[in-house]
Every structure is written in C-alpha cells, then in structure tokens.
Amino acid sequence: ELRSWKYYLQGFRNRGIFYEDAMNVILDEVVAAIQPRSATVIGDMGRRGGISARVTVSFTAPSSQQVRADCR
C-alpha cells in the first residue's frame, strides 16, 4: 500500500542516520521481506544545506546450483 510505504520512509526522518545507512536498512528489510533475486534501492535526497545526494545500493542473491533430476 502506497500510504504505508510513505509512512515507512518518513520514519527515517527522525532516526538521525546517514543517507547511506538509511538506504542499506531499506534494502535489507526489502530483501528480508520478499527474498528477490536482485534488488536496487535508489535514494534521491533533496537539498539540505545546499547539498543534494543520490545514493544507490544493490543486492544480488547468490546463484544457486541447479539440481538435476535423474529420470529413468
């Protein structure tokens, strides 16, 4: 739900952590919740003190070996 996502993101405003740490927390929680093969989170932070930032973090699941079934 978009509204819940908005409240989740706004919850980072009062945490007092760096942008990079916030993006890492978001990525970790998304990966834990939906277990994707890969994911990328991009944080485009607005100007704060005249400085804007764009932080990108990515995740790629380790490749699993395919198990061969021996059919006879």
Taking Val57, is it in a strand (DSSP E or B), touching a strand residue (DSSP E or B) at 6+ places or on another chain (Cβ under 8 Å) and over 15 Å from Tyr8 (Cα atoms)? yes
Hits in the range 2-19 (condition: more than 18 Å from Asp44 (Cβ to Cβ), assigned to a helix (DSSP H, G or I) and open to solvent by less than 100 Å² (accessible area, probe 1.4 Å)): Ser4
Looking at Ala22, Ala32, can you tell me which residue is exposed (fewer than 10 other Cβ atoms within 10 Å of the Cβ) and part of a helix (DSSP H, G or I)? Ala32
Please identify the pairs in which a residue from the range 23-50 that is touching a residue at least 12 places away in the same chain (Cβ under 8 Å) and over 16 Å from Gly11 (Cβ atoms) has its Cβ atom under 6 Å from the Cβ atom of a residue that is among the aliphatic types (A, V, I, L, M) and loosely packed, with under 12 Cβ neighbours inside 10 Å, counting only partners at least 6 apart or on another chain. Arg37/Ala61
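The values are calculated or read from the model by the stated rules, or taken from the named source; none is laboratory data. Owing to the predicted nature of the structure, the values given are computational and were not obtained by experimental measurement. Every residue, glycine as well, gets a Cβ built from its backbone with ideal geometry; the counts of neighbours run over all protein chains shown. What goes into the accessible areas is simple: the full protein's heavy atoms, side chains included, and nothing from ligands, DNA or RNA. Shrake-Rupley method; radii C 1.70, N 1.55, O 1.52, S 1.80 Å.
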